[in-house]
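A quick write-up on the structure given underneath.
Each reported figure results from applying straightforward, stated rules to the coordinates on display, with no laboratory input. The structure presented is a predicted model; accordingly, all values stated were derived computationally and were not measured. We place every Cβ from the backbone using ideal geometry, glycine too, and count neighbours over all the protein chains shown.
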Amino acid sequence: MPRRLRGVLPEGVYHVTSRGNRRERLFCTPDAFQEYLKLLRRVSERYGVDVLAYVLMPNHVHLLLRAPEAVLPAFMRDLHGPFAQWHNRRYHLTGHVFEGRYRCWPCTQDPYLWALVRYLHDNPVRAGLAHHPQDYPWSSFRAHAGQPDGITAVAALRALLDVHHPDDLTWQTRPAATPATVRPTPHSTPPQAPT
């Protein structure tokens, strides 16, 4: 049976997640993280998708994207397909790299966006991979703190959140991510980070 088409809003903002098959590692070495980021940069430019925030964890990814109408499925195919091929060649593997299709939640409220950016950037801290989001090299936190990475559309997120100073998006000044702010509706809750 064919897959049901996903609902995509015109110029929507989406929280997209995907994890390794059987919750296995997607990124075993720094070159795997770098390859994914290289593909993310290339594919986002090709499709005109703004990468507002991201974090690459060892076995899953979180992306906050602003995408034009109906582009998201092709964007994700062109991001994950080549990465899966690279991953299998690099590690001499076969079969699925990602566990099923990506998951996606529309983000329509400013308080949710604030909390989601913090949720993404705090993910490595909660997982014990870093003491502070700035210490983790595989997220957009540093770009939002003033160190451009060539991927993150910092100005686009600032415009959405109506903030004008780099410190407005840093760890200390953002509103705390609480269960009430991370869950926009009962039907579209972001997944808990796999451990």
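Were the residues from residue 45 through residue 145 laid out at 0.36 nm apart, the gain over their Cα-Cα distance would be 33.8 nm. Length gained on full extension, residue 25 to residue 109: 27.0 nm, using 0.36 nm per residue less the C-alpha separation. Dividing the alpha-carbon radius of gyration of the stretch 12-182 by the rule-of-thumb value 2.2 N^0.38 Å gives 0.99. What is the distance in Å between the Cα centres of the stretch 46-64 and the stretch 77-146? Distance between centres, Cα-based: 5 Å.
Note on residue 134 and residue 70: their simple-model spin labels are 4.5 nm apart, each label 7 Å out from Cα toward Cβ. Between residue 101 and residue 126, what is the label-to-label distance in nm when each label sits 7 Å out along the Cα-to-Cβ direction? Computed distance between label sites residue 101 and residue 126 equals 2.5 nm.
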